[in-house]
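Colleague: Here it is, the structure, as structure tokens.
The values are calculated or read from the model by the stated rules, or taken from the named source; none is laboratory data. These numbers were taken from a predicted model, which means no experiment stands behind them. FYI the Cβ positions are ideal-geometry reconstructions off the backbone, even for glycines, and counts take in every protein chain you see.
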Amino acid sequence: VFEDRTDLYFARQQVTERLNQAEGTLPDGVEPEMGPVSTGLGEVLMYVVDFAPTGAKNSQRIAGQPGFQPDGSFMTPAGEILADQVAKEGFLRSVQDWVIRPQLRSVTGVAGIDSIGGYEKQFVVQPDAARMSSYGISFAELAQALEAANTSVGANFVERGGEAFLVRADGRIRTLD
């Protein structure tokens, strides 16, 4: 913990040295890095990600089409039905984290994007030891398979016709299947 009025760059140097010392003890694939020289108190702009109001123009409720459904649920462009508020807020958070944030981070001068609110989508794996044993699968093999099947990495961008298109190699888990 640093005292008030500690020089920011001195503190960052100390943290960097400690991270470098700890790097050998971290799990494979973990690469610590320092964030930009900014804080949540230095935020310049705040925005809200939300669904279009149900009474807005072009917001008809058409069953089976993306958007709000007659029963009040929401269908995503991928066809997923969001029936409750938690699912809807989780979808908005995913749009923020995986669509909006990467695009804004590519803008020159943007130091960072902080997401507040919503629910982060999670998949919980509850192994059945007896079934795993019957298939000859160890917990270590399960962990390795989950890690290998759940990656998302940036691949830079492609410029075509004066437009830049973000490219991602996305192998994240999306469904229980």
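Colleague: Does the stretch 100-109 include one or more residues that are surrounded by 12 or more Cβ atoms within 10 Å (Cβ to Cβ), closer than 30 Å to Pro70 by Cβ and at pLDDT 90 or above?
Modeller: yes
Colleague: Shifting gears a bit: Filter the stretch 17-67 down to the residues that are closer than 13 Å to Ile113 by Cα and either surrounded by 10 or more Cβ atoms within 10 Å (Cβ to Cβ) or at pLDDT 80 or above (or both) and list them by number.
Modeller: Val37, Ser38, Thr39, Gly42, Glu43, Leu45, Met46, Tyr47, Val48
Colleague: Which residues, counting only those in the stretch 88-113, are touching a residue at least 12 places away in the same chain (Cβ under 8 Å) and aliphatic (A, V, I, L, M)?
Modeller: Leu92, Val95, Ile100, Ala111, Ile113
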